[in-house]
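Student: The structure that follows is given in the form of structure tokens.
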Number of protein chains: 2
Amino acid sequence: MSKGTDSVVVKNARIVTPVTGEGELWRMAEYSPGAMWIDAGCIRWIGVQAELPAEATKATMIDAQNRLVTPGFVDCHTHPVFGRHRAHEFELRIKGATYVEISHAGGGIRFSVRDLRQTSKEELVLKLLPRLDSFIAHGTTTIEAKSGYGLSVEDELKSLEVLQALSRQHPIDIVPTFLGAHEIPDEYRDRREQYIELVIKDMLPRVAEGRLARFIDIFCEDHVFTAAEARRILLAGKDYGLRPKIHADQLTDNGGAEVAAEVQAVSADHLEYTPPEMDGRLQEAGVVPVMLPGADFFLSSSLYGPARRMIASGLPVALATDFNPGTCMCENMQLILTLAALQLKMTPAEALTAATLHAAMAIDMQHRVGSLEAGKQADFVIWHAESLSELPYHFGINHVWQVFKRGERIHETATHPKSGVEDDD
Amino acid sequence: MSKGTDSVVVKNARIVTPVTGEGELWRMAEYSPGAMWIDAGCIRWIGVQAELPAEATKATMIDAQNRLVTPGFVDCHTHPVFGRHRAHEFELRIKGATYVEISHAGGGIRFSVRDLRQTSKEELVLKLLPRLDSFIAHGTTTIEAKSGYGLSVEDELKSLEVLQALSRQHPIDIVPTFLGAHEIPDEYRDRREQYIELVIKDMLPRVAEGRLARFIDIFCEDHVFTAAEARRILLAGKDYGLRPKIHADQLTDNGGAEVAAEVQAVSADHLEYTPPEMDGRLQEAGVVPVMLPGADFFLSSSLYGPARRMIASGLPVALATDFNPGTCMCENMQLILTLAALQLKMTPAEALTAATLHAAMAIDMQHRVGSLEAGKQADFVIWHAESLSELPYHFGINHVWQVFKRGERIHETATHPKSGVEDDD
């Protein structure tokens, strides 16, 4: 194990990373053979190996063995704070029940809410630990994580406190988001206005007081929260210092992207039904569009997000898993790259950028993570691959070899059972 | 390590397996808590734990720790004998080039043919070893494996000899298929009739003489081999004792399924464009339909195979990966179950049966593998899961805990980084 405080140098690497462009949104940097000099957990120098500063040669050497090195993934949209999974609903879905039907029958989010309320904080911590380990093991070094299965003051606070506790004890960076407005809980079903008051007047002050979240999010669909309700709740969150995010236009175009622009949300997520005329509005307002193709895949949708259109509009399109027990039980961002390629028609370079630098922008972390540049945290992955294209191309497996967080090796795949690693080009 | 010749007993298992039905195609058997007594690599007894025969208690115990146990997957359609992967073509595909366009430009199968011809038998063995390890690591204990990237007498024999060598040294069962008629090689492009003669008169006798294959297969599409050519080549193979298989109706309905019925192929694979009126013909002829949703997924097709229709027609629908470097670089059958559920609308039980018992039928191995029944080979997987639905539901990861072949543990996932394993229901 290398230590985060040591000076280490990664050599013999095929480094591929997005970098912040000058006069452009981003560009791809490739150094092969490349080297990276890390000091106190941050990147001090990165470039082609021949130009490595002489003083770096004293540092502990990590040999990348001519393998691909990229930034760790930033998964900017996850819902990991739940109790039991919902595999039992899967067969219903296959037999034709829709998401909305399952919800009306008491399943979906409502099942997870009943379940989370019965689960103690300690049990939740134990449930989450292997999930966080699995994110790391699949190459993700930072996650945004939402509450939203509590839907009561006590249970929303419990969810966020679980994240706070885990972010202290787990190497992964966790950026917490308050999602009290994820669904109307059963006991408020006939008095939704009172639930909105509960979110604004009871939950928000406590979340802010405990510094339990950096963002506020809402599930904006007419059968959950309307655009007007979203505007009101997100603005209330802003008053408490939480930056808005929004689940917008996933199932219908009900004005969610418009709300995102109005409240200057840090991101608008899903966007399957967002009309083209919104692209300029999102750009002016500095909203990062987040595509979640894993959820479209899992819902057997034929409509995926408008990634190509938004890239053409100059928007910094981001990607995330949407990891959650109902619509995307997948923490492997490598498969999300595959879906981004096959369904969103994003090139490997666009998809990597979307899953690292742009994802970091979607959670306002782009100054610390999301690319391998001098001054940034040394969060990176050495892959059992030699070219970037292999990650989306050879799909459904885990290409990770070693994962580093702040220069420290936090995961290594002991024996690597995959095919297709080449010795040459 | 338990030894294949020892007597071992698996206990505390949630066993889920298809079994050959009486008066029906198959049914699902579940034993929970279940036990399985294995002797000399074969299943001597299986059932509910309370009924375990007294003499079995002397056997070495394998504790499944209340986890799901299923048969190992039988992957009845793979193309693993190639040199380098084709990740470099992936970006072209994303940018809009079609499979046929890439082929016309010298890529696709033609790239792999040039590459394989330059690769020695020894190098190929080294390339294949990690691929076979990866099949095992993802829960597959038997594969059908095709030649088809040689397309010359020498290189087709080399491909099959590689499989023969590996089946002696690797624990996975390999069932070899001769696919000399995979494509017309470049040097015969203007004289296809002579290539067909080469397959029939030069390759086939050598393959048969060396007992290098059990099946003969062909890629039947009008731009490759027509239905008439397929009929002729498959019948020639039959004369040499090779049972026919066929790549049929993947891109167009050009009569491939009809040929399958006529020559009484053991399986017809792909079938995306097979018309409904063929279902009865396939059934009468005893042809197993093999769905390959991984290839449809990778080709971003909206048309998947007619699994539900064929199940309704009483056909024993099978599933396979189609692992190959061009259209499905995926050896993880768990993700194929997910695709089968989401796109083919197969239930978890139907998908498991398709990937085990029916897949075994597609390679005439159903008397030895494909289900956990007394007398069969003890090829099984203990999963980091408790219910069958979890395998397709929690997707893009590897749920395998331990893999057994003929009662011997051949793989174990040391640390298991996945989320969602539950302690109770």
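The values are calculated or read from the model by the stated rules, or taken from the named source; none is laboratory data. Here the structure is a predicted model, which means the values were calculated and not measured. Every residue, glycine among them, receives a Cβ derived from its backbone with ideal geometry; neighbour counts consider all protein chains shown. Keep in mind that these areas ignore ligands, DNA and RNA; they rest on the heavy atoms of the full protein, side chains included. Shrake-Rupley method; radii C 1.70, N 1.55, O 1.52, S 1.80 Å.
Student: With the checklist (1) out of contact with any Phe, Trp or Tyr (no Cβ under 7 Å at 6 or more places or on another chain); (2) open to solvent by less than 10 Å² (accessible area, probe 1.4 Å); (3) in a loop (DSSP other than H, G, I, E, B); (4) closer than 19 Å to A:Val288 by Cβ in hand, flag the one item A:Ala351 doesn't pass.
Tutor: Going through the list (1) out of contact with any Phe, Trp or Tyr (no Cβ under 7 Å at 6 or more places or on another chain); (2) open to solvent by less than 10 Å² (accessible area, probe 1.4 Å); (3) in a loop (DSSP other than H, G, I, E, B); (4) closer than 19 Å to A:Val288 by Cβ, A:Ala351 breaks only (3).
Student: Sticking with this one: Testing B:Ser134 on (1) in a helix (DSSP H, G or I); (2) of a type in the set (Gly, Ala, Ser); (3) open to solvent by 20 Å² or more (accessible area, probe 1.4 Å), one condition comes back false. Which one is that?
Tutor: In the conditions (1) in a helix (DSSP H, G or I); (2) of a type in the set (Gly, Ala, Ser); (3) open to solvent by 20 Å² or more (accessible area, probe 1.4 Å), B:Ser134 misses (3) alone.
Student: Considering only the stretch B:389-419, state which residues are hydrophobic (A, V, I, L, M, F, W, C) and open to solvent by less than 20 Å² (accessible area, probe 1.4 Å).
Tutor: B:Leu391, B:Phe395, B:Ile397, B:Val400, B:Val403, B:Phe404
Student: Tally up the residues in the stretch B:124-162 that are more than 13 Å from the chain's Cα centre (by Cα) and hydrophobic (A, V, I, L, M, F, W, C), please.
Tutor: 11
Student: Additional query: Could you tell me whether the stretch B:32-46 includes any residue that is among the β-branched types (Val, Ile, Thr), open to solvent by 70 Å² or more (accessible area, probe 1.4 Å) and either in contact with a strand residue (DSSP E or B) (Cβ under 7 Å, 6 or more places away or on another chain) or not assigned by TED's automatic domain parsing to the domain that holds B:Asp322 (or both)? Walk me through how you get there before you give the answer.
Tutor: So the first thing to find is which residues in the stretch B:32-46 are among the β-branched types (Val, Ile, Thr), and the list is B:38, B:43, B:46.
Filter once more, keeping what is open to solvent by 70 Å² or more (accessible area, probe 1.4 Å): none.
No.
Student: To continue, here is another question. Only residues in the stretch B:271-292 that are on the phi < 0 side of the Ramachandran plot count as the first member; pair them with residues that are aromatic (Phe, Trp, Tyr), Cβ under 7 angstrom, at least 6 apart or cross-chain, and list the lot.
Tutor: Within 7 Å, the pairs are B:Glu272/B:Tyr304.
Student: Right, another one. Among the candidates B:Arg14, B:Arg67, B:Arg27, single out the residue that is closer than 22 Å to B:Gly139 by Cα and surrounded by fewer than 19 Cβ atoms within 10 Å (Cβ to Cβ).
Tutor: Checking each option against the conditions leaves just B:Arg27.
The rows are residues; the columns are (1) out of contact with any strand residue (DSSP E or B) (no Cβ under 6 Å at 6 or more places or on another chain); (2) hydrophobic (A, V, I, L, M, F, W, C); (3) more than 23 Å from B:Pro293 (Cβ to Cβ); (4) within 13 Å of chain A (Cβ to nearest Cβ).
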site: B:Ala355; (1), (2), (3), (4): no, yes, no, no
site: B:Met365; (1), (2), (3), (4): yes, yes, no, no
site: B:Glu373; (1), (2), (3), (4): no, no, yes, no
site: B:Ile382; (1), (2), (3), (4): no, yes, yes, no
site: B:Glu390; (1), (2), (3), (4): yes, no, no, yes
site: B:Thr413; (1), (2), (3), (4): no, no, yes, yes
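Student: What residue, among those in the stretch A:133-146 that are closer than 18 Å to A:Leu335 by Cβ and of a type in the set (A, V, I, L, M), is farthest from the other protein chains (Cβ to nearest Cβ)?
Tutor: A:Ile143
Student: Inspect all residues belonging to the stretch B:145-163 and state whether any of them is in contact (Cβ under 8 Å) with a residue 12 or more places away in the chain and in a strand (DSSP E or B).
Tutor: Scanning the stretch B:145-163, I find at least one residue that is in contact (Cβ under 8 Å) with a residue 12 or more places away in the chain and in a strand (DSSP E or B), so the answer is yes.
Student: To continue, here is another question. Give me the strands (runs of 3 or more DSSP E) completely within the stretch A:6-85, filtered to those with at least 2 residues that are of a type outside the set (Gly, Ala, Ser) and over 23 Å from A:Val317 (Cβ atoms), ordered by residue number.
Tutor: Values: elements: A:7-20, A:26-39, A:42-48, A:60-71, A:73-75.
Passing ranges, in order: A:7-20, A:26-39, A:42-48, A:60-71.
Student: Would you check which residues across the stretch B:88-107 are assigned to a loop (DSSP other than H, G, I, E, B) and away from chain A (no Cβ under 14 Å) and list them? Show your work before the answer.
Tutor: Going residue by residue through the stretch B:88-107, those that are assigned to a loop (DSSP other than H, G, I, E, B) are B:95-98, B:105-107.
Within the stretch B:88-107, B:Ala105, B:Gly106 qualify.
Student: Taking the stretch B:327-336 only, how many residues are over 12 Å from B:Asp75 (Cα atoms) and buried (at least 24 other Cβ atoms within 10 Å of the Cβ)? Reasoning before the result, please.
Tutor: First, the residues of the stretch B:327-336 that are over 12 Å from B:Asp75 (Cα atoms): B:327-329, B:335.
Then drop every residue that is not buried (at least 24 other Cβ atoms within 10 Å of the Cβ), which leaves B:328-329, B:335.
The number of residues fulfilling the criteria is 3.
Student: Another question about this same structure. Give the residues of the stretch A:108-130 that are open to solvent by 30 Å² or more (accessible area, probe 1.4 Å) and either away from every other protein chain (no Cβ under 13 Å) or closer than 19 Å to A:Phe219 by Cβ (or both), sorted by residue number.
Tutor: Our first condition is that a residue be open to solvent by 30 Å² or more (accessible area, probe 1.4 Å); within the stretch A:108-130, this holds for A:110-111, A:114, A:117-118, A:120-123, A:126-127, A:129-130.
Answer for the stretch A:108-130, where residues must be open to solvent by 30 Å² or more (accessible area, probe 1.4 Å) and either away from every other protein chain (no Cβ under 13 Å) or closer than 19 Å to A:Phe219 by Cβ (or both): A:Arg110, A:Phe111, A:Arg114, A:Arg117, A:Ser120, A:Lys121, A:Glu122.
Student: Could you list, in sequence order, all residues of the stretch B:337-348 that are facing chain A (nearest Cβ under 8 Å) and in a helix (DSSP H, G or I)?
Tutor: B:Ala341, B:Leu342, B:Gln343, B:Pro348
Student: A further question follows. Taking the options A:Thr5, A:Thr20, name whichever one is over 30 Å from B:His384 (Cβ atoms), modelled with pLDDT under 95 and surrounded by fewer than 15 Cβ atoms within 10 Å (Cβ to Cβ).
Tutor: A:Thr5 is the lone residue from the list that is over 30 Å from B:His384 (Cβ atoms), modelled with pLDDT under 95 and surrounded by fewer than 15 Cβ atoms within 10 Å (Cβ to Cβ).
Student: Still on this structure: Of everything in the stretch B:308-336, what is within 12 Å of chain A (Cβ to nearest Cβ), in contact (Cβ under 8 Å) with a residue 40 or more places away in the chain and not in a loop (DSSP other than H, G, I, E, B)? Give them in sequence order.
Tutor: B:Phe323, B:Asn324, B:Met333, B:Gln334, B:Leu335, B:Ile336
Student: Then there's this: Would a scan of the stretch B:268-278 turn up a residue that is farther than 17 Å from B:Gly305 by Cβ, modelled with pLDDT of 95 or more and in the same structural domain as B:Glu193 (by TED's automatic domain parsing)?
Tutor: no
Student: For the structure I just gave you, tell me whether A:Arg308 is closer than 26 Å to A:Lys238 by Cα, modelled with pLDDT of 95 or more and open to solvent by 20 Å² or more (accessible area, probe 1.4 Å).
Tutor: Values: closer than 26 Å to A:Lys238 by Cα: no; modelled with pLDDT of 95 or more: yes; open to solvent by 20 Å² or more (accessible area, probe 1.4 Å): yes.
So A:Arg308 fails the test.
Student: Of all residues in the stretch A:363-387, which are closer than 22 Å to B:Gly108 by Cβ and open to solvent by 20 Å² or more (accessible area, probe 1.4 Å)?
Tutor: A:Ser387
Student: Right, here's the next one. Which numbered condition trips up B:Val113, out of (1) among the aliphatic types (A, V, I, L, M); (2) free of Cβ contacts under 8 Å to residues at least 60 places away in the same chain; (3) in contact with a Pro (Cβ under 8 Å, 6 or more places away or on another chain); (4) not in a loop (DSSP other than H, G, I, E, B)?
Tutor: (2)
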